[in-house]
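Take a look at the structure below.
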Amino acid sequence: MRFFKIIFAVIFITTFVFIFSSNAADVAKIGVVDLKRILDNSSAGKSALAELTKQGKKMEGELEKRKAEIEEIQKSMERQAAVMSKAAREEKNRELQIKIYDIKNLEKKYKSELRKSERKKFIKIQKEVFSVTREIGKKEGYLIIFDKNVAIYVPKTLDLTDKVIQEYNAGYKK
């Protein structure tokens, strides 16, 4: 009789453990996504980076052209300094200062435009990545998916970044 009680208790405890451990496994499905890696490795991220680089080089070329003009004016002033009157020298110097001021303002404007464009592209990509991540989460039954920057330690098994990149690239190509 005692033997049957022990067997019954073991079966009951085993059944209890299996029931609750299987439910706990479903509840604790957690994933992590590295947004920076997605931006660096996805087709959309690479495309955005190429566009921003192209835009930056164009702006840089324009600034270099204007700086060359200033250098030319400075050289011209140095050559003609001996024959120029004081009033003409002051006029040329004032023109030079205005051009330098204009270049500094243009440089600030270009930097601002570049940052604005970068932020716009980043937000657009981020929204698309979040959408893809939500779909993966719903489809595969994840309880929660974090950005990797929020977590202190994450095992590789929880990292969904590669899967998100694949699905995002597939949608981006379409």
Discussion item. Go through the range 31-89 and report how many residues are assigned to a helix (DSSP H, G or I) and either in contact (Cβ under 8 Å) with a residue 60 or more places away in the chain or of a type outside the set (A, V, I, L, M) (or both).
Written reply: 39
Fill in: Test result for residue 56, in contact with a Gly (Cβ under 9 Å, 6 or more places away or on another chain), within 30 Å of residue 172 (Cα to Cα), of a type in the set (Gly, Ala, Ser) and surrounded by 11 or more Cβ atoms within 10 Å (Cβ to Cβ)
no
Worksheet item: Say we look at the range 59-86 and pick out the residues that are aliphatic (A, V, I, L, M) and either surrounded by 10 or more Cβ atoms within 10 Å (Cβ to Cβ) or modelled with pLDDT of 85 or more (or both); which of these is farthest from residue 125 (Cα to Cα)?
Response: 84
Discussion item. Return the pair list, or none, for Cβ contacts closer than 6 Å from residues in the range 151-174 that are touching a residue at least 12 places away in the same chain (Cβ under 8 Å) and closer than 14 Å to residue 129 by Cα to residues that are of a type in the set (Ser, Thr, Tyr) and buried (at least 16 other Cβ atoms within 10 Å of the Cβ), at least 6 apart or on different chains.
Written reply: 164/133; 165/42; 168/42; 169/42
Fill in: Scope the range 123-174; condition in contact with a helix residue (DSSP H, G or I) (Cβ under 6 Å, 6 or more places away or on another chain), within 14 Å of residue 42 (Cβ to Cβ) and among the charged types (D, E, K, R); matching residues
167
Worksheet item: Is it the case that some residue within the range 115-122 is surrounded by fewer than 16 Cβ atoms within 10 Å (Cβ to Cβ), at pLDDT below 95, under 14 Å from the mean Cα position of the chain (by Cα) and of a type in the set (A, V, I, L, M, F, W, C)?
Response: yes
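Residue 126 - would you say it is exposed (fewer than 15 other Cβ atoms within 10 Å of the Cβ), out of contact with any Lys or Arg (no Cβ under 7 Å at 6 or more places or on another chain) and over 28 Å from residue 170 (Cα atoms)?
On the way: exposed (fewer than 15 other Cβ atoms within 10 Å of the Cβ): yes; out of contact with any Lys or Arg (no Cβ under 7 Å at 6 or more places or on another chain): yes; over 28 Å from residue 170 (Cα atoms): no.
For residue 126, the condition - exposed (fewer than 15 other Cβ atoms within 10 Å of the Cβ), out of contact with any Lys or Arg (no Cβ under 7 Å at 6 or more places or on another chain) and over 28 Å from residue 170 (Cα atoms) - is not met.
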Worksheet item: For residues in the range 33-53 being over 30 Å from residue 143 (Cα atoms) and either of a type in the set (S, T, N, Q) or surrounded by 15 or more Cβ atoms within 10 Å (Cβ to Cβ) (or both), which is farthest from the chain's Cα centre (by Cα)?
Response: 53
Worksheet item: Are any of the residues in the range 130-151 touching a Ser or Thr at 6+ places or on another chain (Cβ under 7 Å), under 30 Å from residue 29 (Cα atoms) and either aromatic (Phe, Trp, Tyr) or exposed (fewer than 10 other Cβ atoms within 10 Å of the Cβ) (or both)?
Response: no
Discussion item. From the list 101, 110, exactly one residue is without any contact (Cβ under 8 Å) to a residue 12 or more places away in the chain, of a type in the set (Phe, Trp, Tyr) and part of a helix (DSSP H, G or I). Which is it?
Written reply: 101
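The values are calculated or read from the model by the stated rules, or taken from the named source; none is laboratory data. From a predicted model like this one, the values you see are computed outputs, not experimental measurements. Positions of Cβ are backbone-derived with ideal geometry, glycine not excepted, and every protein chain shown enters the neighbour counts.
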